[in-house]
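Written below as structure tokens is the structure these notes are about.
The values are calculated or read from the model by the stated rules, or taken from the named source; none is laboratory data. If you're wondering where the values come from, they're calculated on a predicted model, not measured in any experiment. Please note: Cβ atoms are built from the backbone with ideal geometry, for glycine as well, and neighbour counts cover all protein chains shown. Calculation scope for accessible area: heavy atoms of the full protein, side chains included, ligands and nucleic acids excluded. Shrake-Rupley method; radii C 1.70, N 1.55, O 1.52, S 1.80 Å.
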Amino acid sequence: MKPTARHGPATLALLGLLVLASCGRVEPLPASDAVAHYDEVADGLTVAIGGEDGEWTFNERPQHVTVEDGDCVYTAGRWDLEEPLEHPGPESNEWGTRIAAVNPVLEDHGFERIAKPTQQAAETFLQSTDEHGATAMISGNGDLYIHSAVVDAETCTPEALGIG
């Protein structure tokens, strides 16, 4: 005789709430690790995108921390490729080449694998999110922007992350 499991409405409701509660939840990254972690992500991605000879400029202006919905959120900044890559059209095979180059770096640092480019209005770009809520966006011409990482900081200030 095969055993059967019986789940009443209360059990199923509790299971449903647990599943919903785990969806969309991010794991805060310790403030002391945030800057180094995302600098490492950027280093790997810039090599993958523009090769080792690519000249990159870090734009500090967007680097900051803010409180959003009670979370301390870190924006790592923007890295611009001095000699922009040719911006491929939305249907170009070049996107597949770029995805193949960046996916190993993204996965090594806890980001989701990219399956296809993101199309938004007239823009096409690559985008991935990690378990800390950070989004890495790579424009069609190769520029990189990392933002929205949730960090665990006693005080949500630039000094807490060592950027002040």
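Scan segment 134-147 for residues that are surrounded by fewer than 19 Cβ atoms within 10 Å (Cβ to Cβ) and in contact with an Asp or Glu (Cβ under 9 Å, 6 or more places away or on another chain) and jot them down. If the condition is that a residue be surrounded by fewer than 19 Cβ atoms within 10 Å (Cβ to Cβ) and in contact with an Asp or Glu (Cβ under 9 Å, 6 or more places away or on another chain), then MET137, ASN141 are the ones that fit. Starting from residues that are part of a loop (DSSP other than H, G, I, E, B) and farther than 30 Å from CYS156 by Cα, keep the ones in segment 91-117 and report whichever is most open to solvent (accessible area, probe 1.4 Å). My answer is GLU91.
Restricting attention to segment 38-60, the residues that are within 17 Å of MET137 (Cα to Cα) and either of a type outside the set (Phe, Trp, Tyr) or open to solvent by less than 30 Å² (accessible area, probe 1.4 Å) (or both) add up to 16.
Kindly indicate which of GLU68, GLU131 is open to solvent by 20 Å² or more (accessible area, probe 1.4 Å) and more than 21 Å from THR157 (Cβ to Cβ).
On the way: GLU68 fails: more than 21 Å from THR157 (Cβ to Cβ).
Being open to solvent by 20 Å² or more (accessible area, probe 1.4 Å) and more than 21 Å from THR157 (Cβ to Cβ) holds for just one of GLU68, GLU131, which is GLU131.
Restricting attention to segment 118-128, the residues that are touching a residue at least 12 places away in the same chain (Cβ under 8 Å) and either open to solvent by less than 30 Å² (accessible area, probe 1.4 Å) or touching a Phe, Trp or Tyr at 6+ places or on another chain (Cβ under 6 Å) (or both) add up to 4.
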